[in-house]
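The values are calculated or read from the model by the stated rules, or taken from the named source; none is laboratory data. Quick caveat: nothing in here was measured; it's all calculated off a predicted structure. All Cβ positions, even for glycine, are placed from backbone atoms using ideal geometry, and neighbour counts span all protein chains on display. Surface accessibility is based on the protein's heavy atoms, side chains included, excluding ligands, DNA and RNA. Shrake-Rupley method; radii C 1.70, N 1.55, O 1.52, S 1.80 Å.
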Amino acid sequence: MNITEVRIRRFSGDSKIRAFASVTIDDALVVHDIKVIEGRNGLFVAMPNKKVGEKYIDISHPITGQSRSLLFDAVLNEYSQLAIG
C-alpha cells in the first residue's frame, strides 16, 4: 500500500475532533472523513464510521497492523506539519 496524498482540514468546535483527513492510496482510492481526535493520551486517528443501533461501526479500515500503522502515521505526521506551520 502506497499513500500518495494526505489532505488535512482543521476542525474548530466544542468537540475533541481536531481535524478531518482525506487519504489517497495508490493514486486509485480516496478515503474521506478520517478523524484526528484529542484523547486522554494524546492524538489518535479514527476511521470513518456510521451509527448502527447503539454502536458505531467503521465504514472502511485497514486490514493489517502494518497498513494501520502506515495510514495512521501518515495522517498524524501531516497533521503535525500543519500544526507547526
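Observations on the model:
- Selection within region 27-48 - assigned to a strand (DSSP E or B) and either touching a residue at least 60 places away in the same chain (Cβ under 8 Å) or buried (at least 16 other Cβ atoms within 10 Å of the Cβ) (or both): 31, 34, 35, 36, 43, 45, 46
- Considering the conditions (1) modelled with pLDDT under 95; (2) over 18 Å from residue 82 (Cα atoms), residue 49 is excluded by exactly one of them, (1).
- Any hit, region 19-26, residues being over 12 Å from the mean Cα position of the chain (by Cα), surrounded by 10 or more Cβ atoms within 10 Å (Cβ to Cβ) and either under 14 Å from residue 77 (Cα atoms) or at pLDDT 95 or above (or both): yes
- In region 49-79, the residues that are among the aliphatic types (A, V, I, L, M) and either at positive phi or free of Cβ contacts under 8 Å to residues at least 40 places away in the same chain (or both): 52, 57, 59, 63
- Residues (closer than 14 Å to residue 8 by Cα and either open to solvent by 60 Å² or more (accessible area, probe 1.4 Å) or not in a helix (DSSP H, G or I) (or both)) located in region 49-81: 73, 77, 78, 81
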